[in-house]
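Rule-based calculations on the coordinates, nothing more; no lab input. If you're wondering where the values come from, they're calculated on a predicted model, not measured in any experiment. Positions of Cβ are generated from backbone atoms using ideal geometry, with glycine treated the same way; all protein chains shown enter the neighbour counts.
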Amino acid sequence: MSINKLLVCESTRINEIKTRLLNQVTIFEHTYSMISSEFYTRYERGEMGDEIDFVEWASTVEMLAKLNKHYKKWRISWNKP
């Protein structure tokens, strides 16, 4: 497999994961009528409690942030626009 095919596969994989995470975040935002940035700030302050939904939401926000950081570094290292 050529390097270009590998890059396309990795980009596709990252985008699929990002789509799934964004869908999960959207469900939480609609369920709790709150945007994720507001939720996460309040969660980090300990204002949201430790319900399983809130733990999952916080984890999803963190995974999305890490994925975005990883993808940005990956694109920069391969000079992809």
Which residues make up the longest stretch of the chain that has no GluC sites (Glu not before Pro) in a DSSP loop with at most 15 other Cβ atoms within 10 Å?
-> 1-46
Estimated FRET transfer efficiency when R0 is 35 angstrom, pair residue 5-residue 31 (beta carbons, to 0.05) = 0.35
Mind pulling up the Rg/Rh value for the range 18-77? Radius of gyration and Kirkwood radius, both on Cα.
-> 1.03
Under 17 Å Cα-Cα from residue 18, which lysines qualify once same-chain neighbours fewer than 8 residues away are excluded?
-> 66, 69, 72, 73
By how many nm would the segment from residue 45 to residue 62 grow when fully extended, if each residue of separation counts as 0.36 nm and the alpha-carbon distance is taken off?
-> 4.6 nm
